[in-house]
Amino acid sequence: MSSIVRQRIFLVLLAAVAIVLVADLTLQEIMRTRDALPAAAEAPVEYVEPVVATPTLFRYIEVVDSCGPYFEGTCVNVRSGPGEEYTVVMQLRTGVVLKVRETLEHDGRTWYKITFDEPIRYPERVSRNWYVAGEFVRPFEDVGVLDLSGDVKASSTKRILVDRSEQMLYAYEGDVLFMQERISTGLKSTPTPRGTFTVYKKTPTRYMQGPLPGVSAQYYDLPGVPWNLYFTNQGGVIHGAYWHDKFGKPWSHGCVNLPLERAQKLYLWADVGTPVTVQY
């Protein structure tokens with residue numbers, strides 16, 4: 001090999017070594033610079049609570065210290081204003097449930113102003129404001145009217161059986177008997193319809209009035225009928241009855257009447273969508 005070739009090979013090797021040395025020095029400088037930089041702050045992981053829709057609650061009162069179903073005893077007076085000086089416009093029996101519009105204090109007493117936000121068949125019968133004194137009632141809160149049009153899911157295991165011949169109501173959850181109670185279904189002239197239905201609406205109070213065109217010519221005026229489970233579009237309702245104690249025999253205009261405490265228990269248990277079977 002000539003001296004010229006050996007010299008060129010030597011120069012190439014020398015250049016390669018130089019390149020390696022420069023690359024190594026550059027890498028070391030990069031590492032030193034990175035280590036000298038402050039550590040980047042890590043953003044904390046934020047936990048977002050799931051949004052749970054809270055149902056709107058409305059205020060109600062239940063009359064608990066008043067006269068009995070036949071007005072025996074001292075009845076609670078409804079007055080046209082928040083005080084004893086105002087006119088008596090109605091008397092309420094024990095068991096009436098009413099919706100509250102406003103709570104007021106007057107002369108050291110609590111008064112509840114009543115509202116009727118459901119359709120009233122004969123509105124001329126309610127021509128003045130209604131106020132009820134607080135010492136005769138139990139205030140409570142409830143979601144109000146529930147129906148199948150809302151986002152309501154019924155239990156698939158609950159069912160209600162109404163037996164007209166026995167005048168009994170049975171409520172089941174699966175095969176377990178939840179309630180067995182004497183009832184009053186419709187009179188012969190206004191029978192409770194037979195068939196299989198569904199609780200399509202429930203409401204803690206309803207103003208019921210008669211006559212009912214095409215059904216009954218009888219006059220009646222029943223404010224605050226409590227614990228209503230609607231199962232027919234023609235007005236078939238399971239509810240509490242504060243105006244009689246004839247449970248075990250037909251006594252209604254087509255509804256299914258229950259004693260007050262049992263009606264409330266059934267109302268709180270039953271879902272919208274619960275099947276209702278009415279048999280003879």
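The values are calculated or read from the model by the stated rules, or taken from the named source; none is laboratory data. None of the values given here were measured: they were computed from a predicted structure. Cβ placement follows ideal geometry from the backbone for every residue including glycine, while neighbour counts extend to all protein chains displayed.
Can you pull out every residue in the range 181-230 that is of a type in the set (G, A, S) and either surrounded by 23 or more Cβ atoms within 10 Å (Cβ to Cβ) or assigned to a strand (DSSP E or B) (or both)? Within the range 181-230, S184, G186, G195, G210, S216, A217, G224 meet the criteria. Looking only at residues of the range 56-83 that are surrounded by 20 or more Cβ atoms within 10 Å (Cβ to Cβ) and touching an Asp or Glu at 6+ places or on another chain (Cβ under 8 Å), we find that the one that is farthest from D142 (Cα to Cα) is V76.
Among the residues making up the range 99-117, those that are closer than 21 Å to Y207 by Cβ and surrounded by 12 or more Cβ atoms within 10 Å (Cβ to Cβ) are K99, V100, R101, E102, T103, W111, Y112, K113, I114, T115, F116.
Condition check ((1) over 30 Å from K188 (Cβ atoms); (2) outside any loop (DSSP other than H, G, I, E, B); (3) small (G, A, S)) across all residues:
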{"residue": "F71", "(1), (2), (3)": "no, no, no"}
{"residue": "L98", "(1), (2), (3)": "yes, yes, no"}
{"residue": "K113", "(1), (2), (3)": "yes, yes, no"}
{"residue": "E124", "(1), (2), (3)": "yes, yes, no"}
{"residue": "R128", "(1), (2), (3)": "yes, no, no"}
{"residue": "P139", "(1), (2), (3)": "yes, yes, no"}
{"residue": "S156", "(1), (2), (3)": "yes, no, yes"}
{"residue": "E166", "(1), (2), (3)": "no, no, no"}
{"residue": "Y170", "(1), (2), (3)": "no, yes, no"}
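Here the range 242-265 is the region considered, the condition is being without any contact (Cβ under 8 Å) to a residue 60 or more places away in the chain and buried (at least 18 other Cβ atoms within 10 Å of the Cβ), and the residue that is nearest to the chain's Cα centre (by Cα) is Q264. In the range 267-278 there is at least one residue that is in the same structural domain as E173 (by TED's automatic domain parsing), touching a Pro at 6+ places or on another chain (Cβ under 8 Å), buried (at least 17 other Cβ atoms within 10 Å of the Cβ) and outside any strand (DSSP E or B). Within the range 136-147, residues that are over 14 Å from E62 (Cα atoms) and not assigned by TED's automatic domain parsing to the domain that holds G68 reach no partner that is in a strand (DSSP E or B) and of a type in the set (G, A, S) with beta carbons closer than 6 Å at six or more positions or on different chains.
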